[in-house]
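**Student:** Mind having a look at this structure? Questions to follow.
The values are calculated or read from the model by the stated rules, or taken from the named source; none is laboratory data. What you see is a predicted model; the values in this text were computed from it and never measured. FYI the Cβ positions are ideal-geometry reconstructions off the backbone, even for glycines, and counts take in every protein chain you see. The protein model used for the area step is the full one, side chains on, heavy atoms only, and it has no ligands, DNA or RNA in it. Shrake-Rupley method; radii C 1.70, N 1.55, O 1.52, S 1.80 Å.
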Amino acid sequence: MKFSERLYEKVKPVWKQTHEHPFVKGMGEGTLEQDKFRFYMVQDYVYLIDYAKLFALGAVKATDVQIMGKFAALLHSTINEEMELHRQYAKRFLITPEELETAEAAPTTLAYTHYMLHVSQNGTLAELVAALLPCMWSYWEIGKELRTKPGAKHELYSEWIHMYSSAEFGELATWCIDLMDQLAEGKSEADLTKLEEIFINTTRFEYLFWDMAYEKAMWPVHV
């Protein structure tokens, strides 16, 4: 069994809950309230700023030149292409670039990104990949499921669904899955268990992120 197959079996229950979450189901059915998606868009932009740093750290930690180059390319495309597309998409929800750039991170966003950065800065390249993989992999799984739903033709949600169900995004997710398998080869069971724990934790954070967006959950006390 490949290590990625082991990970998939481990997180299937969480992914099942994620696919049944009212935010995800609402996108698929085209019934999600626009204000909830608007909140998600802002927090996702905040998230992407730190997520891009993982690619920079990946380039630093990689010893293989091809892997280094791939992470560098991912960093470039995230900052110069994906985030620009995000800004353009956000305009449809009346979100200005200034609002995106000055947005306060919600508690879940802060906890999630700080956990990934902590793991990635202090751990191995394999641990970094285990931390970043659930976002790509789970989005691809959600995109593939929703592309046959009514939301795939929704005026606001279709772009999101088509982006994450696309062959291009699938290739990116597959590259990360294959890299995870490559980096896991020959590792001890203790090391594999640690990688599994990181992967499970960020998978849980993915679920919490959807939940946060649905509830529009910010800090309970403002100072």
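**Student:** When you go through Ala184, Ala167, Ala126 one by one, which is the residue that is more than 19 Å from Leu48 (Cβ to Cβ), crowded, with 22+ Cβ neighbours inside 10 Å and among the hydrophobic types (A, V, I, L, M, F, W, C)?
**Tutor:** Among Ala184, Ala167, Ala126, only Ala126 is more than 19 Å from Leu48 (Cβ to Cβ), crowded, with 22+ Cβ neighbours inside 10 Å and among the hydrophobic types (A, V, I, L, M, F, W, C).
**Student:** Now for a different question. Residue by residue through the stretch 19-37, note down the ones that are under 18 Å from Arg92 (Cβ atoms) and either open to solvent by 20 Å² or more (accessible area, probe 1.4 Å) or modelled with pLDDT under 95 (or both).
**Tutor:** Gly30, Thr31, Glu33, Gln34, Asp35, Lys36, listed by residue number.
**Student:** Determine whether the stretch 103-110 contains at least one residue that is within 19 Å of Phe199 (Cβ to Cβ), in contact with a helix residue (DSSP H, G or I) (Cβ under 7 Å, 6 or more places away or on another chain) and open to solvent by less than 70 Å² (accessible area, probe 1.4 Å).
**Tutor:** Yes, the stretch 103-110 has at least one match.
**Student:** Do the conditions hold for Val60, that is, is it of a type in the set (A, V, I, L, M), part of a helix (DSSP H, G or I) and surrounded by 16 or more Cβ atoms within 10 Å (Cβ to Cβ)?
**Tutor:** no
**Student:** Let me ask something additional. Tell me which of these Glu81 doesn't satisfy, since it passes every other one: (1) under 24 Å from Glu141 (Cα atoms); (2) crowded, with 17+ Cβ neighbours inside 10 Å.
**Tutor:** (2)
Yes/no per residue for (1) hydrophobic (A, V, I, L, M, F, W, C); (2) part of a helix (DSSP H, G or I):
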{"position": "Glu168", "(1), (2)": "no, yes"}
{"position": "Thr174", "(1), (2)": "no, yes"}
{"position": "Ile177", "(1), (2)": "yes, yes"}
{"position": "Met180", "(1), (2)": "yes, yes"}
{"position": "Lys187", "(1), (2)": "no, no"}
{"position": "Ala190", "(1), (2)": "yes, yes"}
{"position": "Leu195", "(1), (2)": "yes, yes"}
{"position": "Arg204", "(1), (2)": "no, yes"}
